[in-house]
Structures are given as structure tokens and as C-alpha cells.
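The values are calculated or read from the model by the stated rules, or taken from the named source; none is laboratory data. Keep in mind it's a predicted model, so treat the numbers as computed, not measured. Cβ placement follows ideal geometry from the backbone for every residue including glycine, while neighbour counts extend to all protein chains displayed.
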Amino acid sequence: MDVISYFIYSFISLFVIVSPIGVLITFISLTSTMTVQEKNQIAKKSVFLACLMCLFFAITGDGILDFFGINVDSLRVAGGILLFKIAFDMMLAHVSRESITEGEINESMNREDIWIFPIAMPMMTGPGTITTVILLSGSSESVFQQLAVIFAILLTFLACFLILFFSRRVYKLIGYSGTLVISRLLGLFLAALAVDFITKGIWNIYTGFMN
């Protein structure tokens with residue numbers, strides 16, 4: 001896969017798993033009593049932290065796998081199963097319990113650090129996102145593909161920032177029903193990505209074992 005194709009693949013994968021439209025509803029509910037300036041500050045800080053975490057795992061992904069002695073194909077299978085569970089919840093318009101529960105969202109209503117929890121983590125940078133970043137970084141075949149992953153992360157969180165920064169306008173434009181439809185469509189694409197991870201991982205493990 002050439003660098004441009006890998007960048008597009010990485011961006012689509014990350015955008016689907018981060019699902020900024022899915023984050024939008026919770027973000028609006030948590031910031032409903034805030035001024036526009038306070039809301040925008042929450043958006044800036046949460047996106048910056050989430051992006052920083054993803055960049056960290058993109059850069060250190062190979063080292064983490066080597067440290068724990070994990071083969072990238074084993075992570076593909078395990079990560080694919082996790083992503084499929086998240087995708088299934090998205091298609092049912094449920095908050096994925098792999099990231100955060102409804103109870104945790106309700107408890108965070110009165111917290112002052114909601115930009116850290118639950119917005120930055122785990123909603124934008126949860127287990128599924130971290131797994132995807134490590135897989136994309138670990139599967140890269142050149143320095144240029146690794147750079148493509150980093151640029152894909154930056155572009156994904158730029159899109160997240162714009163959606164959250166203009167959250168009230170975006171929500172007014174697409175409405176609650178629109179967010180559910182988009183979340184379900186992203187869930188479908190995520191399920192396909194999860195199946196691709198699982199089948200590719202199983203096939204590589206099988207061929208490696210046979211050789």
C-alpha cells in the first residue's frame with residue numbers, strides 16, 4: 001500500500017473509531033449550562049489531550065508491543081474483537097461499555113475536569129482508539145507510512161475540534177436523529193474494519209505457523 005492510500009486508510013479508521021459525531025451528544029449535554037467561551041475551552045483542552053495521547057501511542061506502539069512480547073497479528077485479532085463490540089453498540093445507538101457507562105456520564109455532570117474524563121478519555125481516546133493507533137503504527141512498513149499515521153491522527157482531531165467547537169451549530173443542523181443515523185453508519189464501517197483486522201490477523205498467524 002502506497003503512502004497516500006495508507007494515510008486515507010488510517011484517517012478513515014481513526015475517524016470512525018473516534019466517532020466525533022457520537023461524542024457530540026454527550027459533549028452538548030455536559031456543557032449545556034456553560035457559556036460559549038467555557039464550552040470552547042473544554043473543546044480545546046479535551047481534543048488536545050486526546051490527540052497527545054494518540055500521538056504518544058503512535059510513536060511508542062512498536063516499543064509497547066516488543067516490551068510485552070505481543071505479535072501485531074495477535075493484537076489485530078484481539079483489537080478486532082474489541083472494535084466489533086464497540087461497532088455493535090454504535091449500530092444500536094448505545095454508549096459502548098468498553099469506553100464509558102451511562103452511570104459514569106451522569107456522575108460526571110458536576111465535575112470540573114470533564115475535559116479529561118469523560119470527554120478526552122475514554123470517549124475520544126478509549127481502548128478501541130488506542131488499539132487502532134498501535135495497530136496502524138505497528139503495521140506501517142516505512143517511516144513515511146508512520147508519518148502518514150501521525151498526520152491522520154492530527155487531521156482526525158482537527159475534525160473533532162471543529163465539530164465540538166461548533167457543536168451547537170452542528171447539532172442544530174443535523175439534529176438528534178441525524179447524529180443517531182451517522183453514528184449507526186460509522187458503526188457499520190467500524191464493524192467492517194474490525195472484521196478486516198480479525199481476518200488479516202488470523203490469516204497471518206496461520207501462514208506464519210505453517211511456515
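Does any residue in the range 34-45 that is in contact (Cβ under 8 Å) with a residue 60 or more places away in the chain and closer than 11 Å to PHE165 by Cα come within less than 8 Å, Cβ to Cβ, of a residue that is part of a helix (DSSP H, G or I) and hydroxyl-bearing (Ser, Thr, Tyr) six or more places away or on a different chain, and which pairs are these?
Correct list of pairs: LYS39/SER167; ALA43/SER167.
Where residues in the range 156-173 are under 19 Å from ILE17 (Cα atoms) and β-branched (Val, Ile, Thr), which of them is surrounded by the most Cβ atoms within 10 Å (Cβ to Cβ)?
It comes out as THR156.
Mind counting the residues in the range 160-183 that are under 21 Å from ALA120 (Cα atoms) and of a type in the set (Ser, Thr, Tyr)?
Residues flagged as under 21 Å from ALA120 (Cα atoms) and of a type in the set (Ser, Thr, Tyr) within the range 160-183 amount to 4.
Of everything in the range 168-206, what is over 19 Å from LEU92 (Cα atoms), in contact (Cβ under 8 Å) with a residue 24 or more places away in the chain and among the basic types (Lys, Arg)? Give them in sequence order.
ARG168, LYS200, listed by residue number.
Among the listed residues PHE209, PHE144, which satisfies the condition of being without any contact (Cβ under 8 Å) to a residue 40 or more places away in the chain and either in a helix (DSSP H, G or I) or among the aromatic types (Phe, Trp, Tyr) (or both)?
PHE209
Return the residues of the range 148-167 that are more than 15 Å from ILE12 (Cα to Cα), in contact (Cβ under 8 Å) with a residue 60 or more places away in the chain and among the hydrophobic types (A, V, I, L, M, F, W, C); say none if nothing qualifies.
PHE161, ILE163, LEU164, PHE165 - these are the residues of the range 148-167 that are more than 15 Å from ILE12 (Cα to Cα), in contact (Cβ under 8 Å) with a residue 60 or more places away in the chain and among the hydrophobic types (A, V, I, L, M, F, W, C).
Could you identify the single residue in ILE100, ILE70, ILE81, ILE86 that is among the hydrophobic types (A, V, I, L, M, F, W, C), assigned to a loop (DSSP other than H, G, I, E, B), modelled with pLDDT of 55 or more and farther than 28 Å from THR33 by Cα?
ILE70 is the lone residue from the list that is among the hydrophobic types (A, V, I, L, M, F, W, C), assigned to a loop (DSSP other than H, G, I, E, B), modelled with pLDDT of 55 or more and farther than 28 Å from THR33 by Cα.
Looking at the structure I just gave you, is GLY63 within 16 Å of the chain's Cα centre (by Cα) and assigned to a helix (DSSP H, G or I)?
No, not satisfied.
For residues that are out of contact with any Asp or Glu (no Cβ under 9 Å at 6 or more places or on another chain) and surrounded by fewer than 14 Cβ atoms within 10 Å (Cβ to Cβ), scanning just the range 196-211, find the one that is nearest to ALA43 (Cα to Cα).
Looking at residues that are out of contact with any Asp or Glu (no Cβ under 9 Å at 6 or more places or on another chain) and surrounded by fewer than 14 Cβ atoms within 10 Å (Cβ to Cβ), I get THR199.
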